[in-house]
Amino acid sequence: MEQERRTKVEQACRTAEEFIKHYYEGLDRRRNVMSRLYLDTATLLWNGNGIAGKEFIQKFFENLPSTDHIVSSIDSQPLTTGSTCHFPLTIVVSVSGFIAFCQEQPQAFQQQLLITAEGDKWKIVSDCFRFQEP
Amino acid sequence: MRHLIVCGEAKKQKTNPVQEHQPPRPPRRAGQDHTVLRTVVGESSVAVQNFEIDSVQNPGPIPTVPVIPEVPMMDHFMANDMQEEQISNADMSTIVDDGSAITFNRVSWLPSGVLRNVATSGDYWHKFTVLRGAGYSKLEIMDALLDVVQPQMIAPVMYRREGSSATFFARNCLAAFLKLTRANLQIQVNSSGPFGPSVQTLDIEITLRHTHVQDLRLHLHDHLVACIARRHDKALKALDLSAFHMDPELSEVVFWSLRVPKAFVYVLNMLKVRTSAIRCLYLADNEITELPKFIILSKLEVVDLSSNKISNMNVLKNFNGLNLLEISLDRNPVCAQYHDELSYIQAIKEMVPTIKKIDGVYLTRPEPSLWRRNYVPPGQSECIALVDQFLQHYFTLLDGDDRQRLRGMYHPDALFSLTCNYVPGQSTSSTARLTRYTLESRNLLRLSDYSKSQQLLSQGAEEVLSALCRLPRTEHDPYSFAVDLPYYTQEIAVIVVSGVFREPSMMNENLIRAFSRTFVLHKVASKEYQIVNEMLTVSNASTKQAEESFQYPKPKVSLAKLSFNPAQDLTDADRKQMTRILSRLTEMNQQWAQKCLEQSKWDIKWALVVFTELLKMNKLPGEAFELEEDKVVEKK
């Protein structure tokens, strides 16, 4: 039981780090395939604006000016709720860092991702992004 | 007195010779070959035929370009002998000697068939004389000429003034020529004179087959190549074709305006050999109305089309297939069609979806760009109340002096971790130490191994509460909160709160921190949630955030809706009892005890909390404790 928990925690750490790396690389360099990282029913919150569904999320990203992200910190925890949870293997990840649009001044941001294993791939269930200050 | 052989609409008039001067006769060489020189090799375009390299021995660089569909007139590029043809309806005796040069103006007349044959002689330059044209600038005359001839191709060379006229030469310009004749060989010159802008009609006289190419070798293609090479900045991968027709060196030879579509296409095709070296293309001040397809410039990313005559956004379709990032379209007539910036930008984005910078300004924010304070998934409005309640409860207890009271809110297997960051450029310096947070900070990027990550994660409600109690006291500013609900179902809710809080400190300094707190809640009963995961990020607040925080005093006593035990129906007797109890506990008189209970919605536990707070803040006046037992106010 204890060991199981430890393993879950460790897995959460590993998965989070790798996934985040892919995520920001995609945002900065390969925007056109971002939707692959999301579940079909995923939601994205961007500074309080909600976008639901993979296709709309992809469109949103395509309209976003080009970005450069610097990640300062990543933290993650496994979701340990019981059997009522729809997604047995889910991780919540919290990221903070800086984002710069098209060589403008970088801004601090915080982002939370809920990612789950669909088959053998990790996909985003929900994505919440906010600038540190409006 | 020469009779003039005529063309066009003017009827034959024997009485009106208008010729003002005699055309010079081109010298004839013995044994001159009048066949058309064809220098086109293999797949080279028909367009190259327009500008022949002057001799077969020096073919010069022949660009291989795709065949451009030509005006049918090019098929008349014949090797026929034209000179000796008898021209029936005119007074042939008046034509100069060997008949190679034929001059006419709008009042003369020539059967069109003959005209075509003559005009298509590719190995001759035709001379154009703009009567009274010397008084205008070259640009004014050329503009007027192109206005009539548009969109047909003409490349005037050797522009000069002769007496009161302006003259130039051109060849292989049958279509332009015909257009000119249909306009009665007249051009309308726009000029700004001493009395303001005016339009003048000038007549043109044309001498066909004036000079043989061998006598006037211009190497136009070479000049264009050289001009482009001069204007190509290899380091910046930029080609500057702005005001191309006014290029000082080129314009001495030829007036090559990019507003003429074929001229533009020709230049574009010349770039085929250097397409990978062109990232930026500057085309300002060319009076362009149409664009060719730019697909061959596969690396093109920046285009400047400002100060032109584009009147329709559709021309931007010619950038299809390219990854165009920047475009300038200002000072074009098309801009006036859009009354606001947004529709202008959208129209451009529709044509060029990849665009990121328009008229020098980056498109910085996407459409849903407004920062919104809170987000709740649509159709889930019942959760608003629950979330509100949860947050109020949580933060009140968090700001309180005993965080153990939060115990009831946590699931037994809850997890908690925090991360803290220093953000450069923030308000205070010495007070900016986040030491107490750094000790507990869990950042996967900074951990050398995962064992530490286990330690820094509080596992189980007990550990979580100890961790929370270790952290400094806080006072949150609820008016700074932005709340997002990215995920909400019947079983699970994910809430993200960001905002600021301050740490009340002895030294009376304002330590203001920015935070972001993520809760994963699990529903345990119909209206109860427990925290299963919690992640906190802390950093120093920015100067702006600090300044704007804590503007409004937090409502102290309106936090009554927190009870998880819905208010029962209390009888008067119950209430009296509660008042007495409270009064005894707090040593307040009954009147004040009652007040307190009323404001706490008769939740005695809560009333006690409120009382303690008020007491600490010295907000309770002395009279609250005066003994006035006989003054219990009857209230319903």
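Give the shape of segment B:220-362 as rounded, prolate or oblate, defined through the alpha-carbon gyration tensor: a ≥ b ≥ c are the square roots of its eigenvalues, a/c under 1.5 means rounded, and otherwise the shape is prolate if a/b is larger than b/c and oblate if not.
Verdict is prolate for segment B:220-362.
Shielding by partners for A:33-45, please: the mean number of other protein chain Cβ atoms within 10 Å of each residue's Cβ. List each step's numbers first, then the result.
Numbers: counts 0, 0, 0, 0, 0, 0, 0, 0, 0, 2, 6, 1, 8.
Across the residues of A:33-45, the mean count of other-chain Cβ atoms within 10 Å is 1.
If we count other beta carbons within 10 Å of each Cβ, what is the order of B:Lys356, B:Lys299, fewest first?
B:Lys299, B:Lys356
Summarise the partner chain shielding of A:106-113 as one whole number: the mean count of Cβ atoms from other chains within 10 Å of each residue's Cβ.
Whole-number average of other-chain Cβ neighbours for A:106-113 is 5.
For the residues B:Cys335, B:Cys469, B:Cys420, what sequence is obtained by ranking on other C-beta atoms within 10 Å, fewest first? The partial results should precede the final answer.
On the way: B:Cys335 15, B:Cys469 11, B:Cys420 23.
Lowest to highest Cβ neighbour count: B:Cys469, B:Cys335, B:Cys420.
Longer than 24 Å from Cα to Cα, which of A:Lys54/B:Lys523; B:Lys262/B:Lys357; A:Lys8/B:Lys452; B:Lys179/B:Lys293; B:Lys138/B:Lys299 are they? Say none if no pair is. Spell out each step's value before the answer.
On the way: A:Lys54/B:Lys523 27 Å; B:Lys262/B:Lys357 29 Å; A:Lys8/B:Lys452 15 Å; B:Lys179/B:Lys293 26 Å; B:Lys138/B:Lys299 36 Å.
Too far apart for the 24 Å limit: A:Lys54/B:Lys523; B:Lys262/B:Lys357; B:Lys179/B:Lys293; B:Lys138/B:Lys299.
How high is the relative contact order of segment A:2-131, given as a whole-number percent (alpha carbon pairs under 8 Å, six or more residues apart)?
Reported relative contact order: 25 percent.
Report, to the nearest 10°, how far helix A:2-29 tilts away from the longest principal axis of the Cα atoms in chain A, using its own Cα long axis and a range of 0 to 90°.
Roughly 20 degrees, rounded to the nearest 10.
Using only the alpha-carbon atoms, how far is helix A:54-63 inclined from the longest principal axis of chain A? Give it as 0 to 90 degrees, nearest 10.
In chain A, helix A:54-63 runs at an angle near 30 degrees to the longest axis.
Find which of B:Ile154, B:Ala183, B:Leu139 sits farthest along the positive direction of the dipole of segment B:138-188, computed with +1 on the beta-carbon of Lys and Arg, -1 on that of Asp and Glu, about the Cα centre.
Positive-end residue among those listed: B:Ile154.
Can you give the charge dipole size of segment A:30-102 about its Cα centre, rounded to the nearest 20 debye, using +1 on the beta carbon of Lys and Arg and -1 on the beta carbon of Asp and Glu?
Working: 5 positive and 5 negative charges, 31 e Å.
My answer is approximately 140 debye.
Classify segment B:109-241 from the C-alpha gyration tensor, please: rounded if a/c falls under 1.5, else prolate or oblate depending on whether a/b exceeds b/c.
Because a/c hits 1.5 or more and a/b fails to exceed b/c, segment B:109-241 counts as oblate.
Order of B:198-206, B:229-237 by packing, highest average Cβ count within 10 Å first?
The densest-packed peptide leads the list: B:198-206, B:229-237.
In segment B:383-548, with Lys and Arg counted as +1 and Asp and Glu as -1 at Cβ, which of these residues, B:Phe390, B:Leu465, B:Gln454, has the Cα nearest the positive end of the dipole, that is, farthest along it?
Positive-most Cα among the choices belongs to B:Gln454.
Please report the spacing between the Cα centers of segment A:1-61 and segment B:440-478 in Å, no decimals.
If we compute the Cα centre of each part, the gap is 23 Å.
Take every Cα pair under 8 Å in segment B:383-548 that's 6+ residues apart, average their separations, divide by the length, and report that relative contact order as a whole percent.
Value for segment B:383-548: 27 percent.
With a ≥ b ≥ c the root eigenvalues of the C-alpha gyration tensor of segment A:2-131, is it rounded (a/c under 1.5), prolate (a/b larger than b/c) or oblate?
Prolate shape, in that a/c is at least 1.5 and a/b is the bigger ratio.
Considering only C-alpha atoms, what is the centroid distance from segment B:484-525 to segment B:171-192, in Å?
So the two Cα centres are separated by 76 Å.
Sequence gap at least 6, Cα distance under 8 Å: using those rules, report the relative contact order of segment B:220-362 to the nearest whole percent.
18
Here, each number is a calculation from the coordinates, and none is a lab measurement. Remember, it's a predicted structure, so these values are computed and weren't measured experimentally. Note: ideal-geometry Cβ built from the backbone for every residue, glycine included; neighbour counts use all protein chains shown.
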